[in-house]
Amino acid sequence: MDVVPYPPEFAARYRAAGYWRGETFGGMLRDLAAAHGERTALAGDGERWSYRRLDERADRLAAGLTRLGVRPGDRVVVHLPNRPSFYEVCFALFRIGALPVFALPAHRAAEIGYFCEFTEAVAYIAPDTHAGFDHRELAAGLKVPNVLVDGDPGPFLALDELRAAGQLQEGDVGVPKLIPRTHDDYIYSFRASAEICGLSERSVYLCALPAAHNFPMSSPGVFGTMSVGGTSVLAPHPGPDACFPLIEAERVTITGLVPPMALLWADSAGRTRHDLSSLEILQVGGAKFTEEAARRVGGVFDCVLQQVFGMAEGLVNYTRPDDPPEIALTTQGRPISPDDEIRVVDDQDAPVPDGEPGHLLTRGPYTIHGYYRAAEHNATAFTPDGFYRTGDIVRVTPGGYLVVEGRAKDQINRGGEKIAAAEVENHLLAHPAVHDASVVAVPDAYLGERTRAHIVARAEVTDAELRAFLRERGLAGYKIPDQFAFAETLPATAVGKVSKRRLRERT
Ligand code: J2J
């Protein structure tokens, strides 16, 4: 089975509660064009599109893609930076009933090749070149029937004969996992998010993080902003130099950042000549925002600070804009929905006493019941009664807010960018001089965590050679270890597995 459906009794409950309304993205855009036709939906990359224009462009592209052979249910890998055409492509694919598979701009041949093959994608859609990287070269090496290039100047151009929808997430196994989301569950999550954040048609959302990431896509992100007829502004990158001028020019009211970027913004805000006074909400999430960092950022911006603890698999928690400031400084928020079920358990899946830290399990109206085409992995990633094992260690405050205390999954959170240790280890083990490899997180004042690869070599090899090797294999840059440490052996646990705990203690 490709996709594990919500159990019928749950689906029925979510419909009865009014969360799932049978709405589709295609229908949503049609309604938005009717209600807000001339209002600006998207601004960025030198373009400004009204809702009507977006609707028309999506129709035209859908027709073009259909002529080229894209059919309902087909998968299409979308690898676009922050520009309006990202959403044109999404809506066109949704109108056809095809599934976009979202890749991050930093992904390279290793990831993109895997997505195309694993999903049997019928097309790859990318810019010609972006940020100094030639996507056409990458595309030439893909086993995919069609390549669509979104380049300058003008619209799409079919490179090959063209026959050209999902969410993407890096898991803690050797290969990335795909997260299948439905129109019903996803639309509910961003509509409810927009309501929590108090968005209206006068809201202006700045998409600072990569558009393909779940946070700026749906928490409430661009789709949440669209759902109420607001305007989204697309930044080429999340730094203050790109974003501050946009905040001033577009009178941005809300944006979302990862913690290191929020700290960078706080440093720059003191000396900027740009007027940031339109900002009403600054969201921070994707990695632990420590109380100290939150106080620093909160003290600089004259707006509401909101913590967001979410995951592409579903569950998203927010501190509420009208919460006392202490809550936003010290917790990661509470779930969107009254029907989000939270369990905090020990290693045996037994509930821990109230307020104690434990593994976070969750189930609810927008949390998946299985990864795409991953039956074996799903057997351990979910409980038999359908709770998703988040891999996060949390505690719940008496007020029902979650505090993230740590992580049990073998994943490194490099300033919000997730790195599955096993994936990088697999690539390292492919090098003939590497006998064994183990990748762990090391604390970092700026990013929260960086990566260190512990290597047992069987022949002479340098860290520079290993870095070059990983790059040649087409691994995304953020997954290339920051540090290498060479050793004779790796420490073992009592059962003989590599002890990552002891590795982390090595300096
Ligand atoms: C600590 N850890 C956090 C937080 C995510 C909104 C916001 C973020 C994501 C996201 C998202 C954290 N404090 N505030 O999808 O819609 C870590 C946890 C979590 C994992 C999920 C959204 N916010 N995390 O980051 O799928 O470990 O989603 O399980 O990329 O990031 O990562 P991802």
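Listed values, structure above:
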| quantity | calculated |
| --- | --- |
| Accessible area (Å², per residue) of the chain, counting only protein heavy atoms and a probe of 1.4 Å | 41 Å² |
| Gained length - ASP134 relative to ASP2, 0.36 nm times residue gap less alpha-carbon distance | 44.3 nm |
| Relative contact order, percent, the stretch 310-395 [alpha-carbon distance under 8 Å, six or more residues apart] | 26 percent |
| Mean separation of Cα contacts under 8 Å (6+ apart) over length of the stretch 26-70, as relative contact order % | 30 percent |
| Dipole axis of the chain (+1 Lys, Arg; -1 Asp, Glu on Cβ), positive-most option in LEU29, LEU93, PRO180 | LEU93 |
| Size of electric dipole in the stretch 387-506: Cβ of Lys, Arg +1 and of Asp, Glu -1, about Cα centre, debye, nearest 20 | 360 debye |
| Over the stretch 287-359, relative contact order from alpha-carbon pairs under 8 Å, at least 6 apart, % | 22 percent |
| Percentage, to the nearest whole number, of Cα pairs in the stretch 1-138 over 28 Å apart | 28 percent |
| Label point at GLN483 placed 7 Å out along Cα→Cβ; residues across the stretch 432-475 whose backbone nitrogen lies under 12 Å | 440-445, 449-454 |
| Globularity index of the stretch 372-507, i.e. its alpha-carbon radius of gyration over 2.2 N^0.38 Å | 1.19 |
| Alpha carbon Rg of the stretch 197-288, scaled by the compact-globule rule 2.2 N^0.38 Å | 0.98 |
| Positive-end residue of PHE486, HIS377, LEU42, charge dipole of the chain with Cβ unit charges | LEU42 |
| Signed unit charges on C-beta, dipole axis of the chain, positive-most listed residue LEU138, VAL495, PRO238 | LEU138 |
| DSSP-loop trypsin sites (Lys or Arg not before Pro) across the stretch 234-299, with at most 15 other Cβ within 10 angstrom | ARG251, ARG271, ARG273 |
| Sites LYS143 and GLU326 - FRET efficiency at Förster radius 45 Å, r taken between beta-carbons, to 0.05 | 0.25 |
| Carbon + sulfur, % of accessible area of the chain - ligands and nucleic acids excluded, 1.4 Å | 51 percent |
| The stretch 53-139: GluC sites (Glu not before Pro) in DSSP coil with no more than 15 other Cβ atoms inside 10 Å | GLU120 |
| Size of electric dipole in the chain: Cβ of Lys, Arg +1 and of Asp, Glu -1, about Cα centre, debye, nearest 20 | 320 debye |
| Coil-residue trypsin sites (Lys or Arg not before Pro) of the stretch 10-101, DSSP, other Cβ within 10 Å capped at 15 | ARG21 |
| Cα gyration tensor category, rounded, prolate or oblate, for the chain with a/c compared to 1.5 | rounded |
| Listed pairs LYS418/LYS479; LYS418/LYS497; LYS177/LYS409; LYS177/LYS288; LYS143/LYS418 exceeding 18 Å between Cα atoms | LYS418/LYS497; LYS177/LYS288; LYS143/LYS418 |
| The chain: antiparallel DSSP beta bridges as a percent of all, rounded to 5 | 60 percent |
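The values are calculated or read from the model by the stated rules, or taken from the named source; none is laboratory data. These numbers were taken from a predicted model, which means no experiment stands behind them. Cβ sites come from the backbone with ideal geometry, for glycine too, and all protein chains shown count toward neighbours. The accessibility values were calculated without ligands, DNA or RNA, using every heavy atom of the protein model including side chains. Shrake-Rupley method; radii C 1.70, N 1.55, O 1.52, S 1.80 Å.
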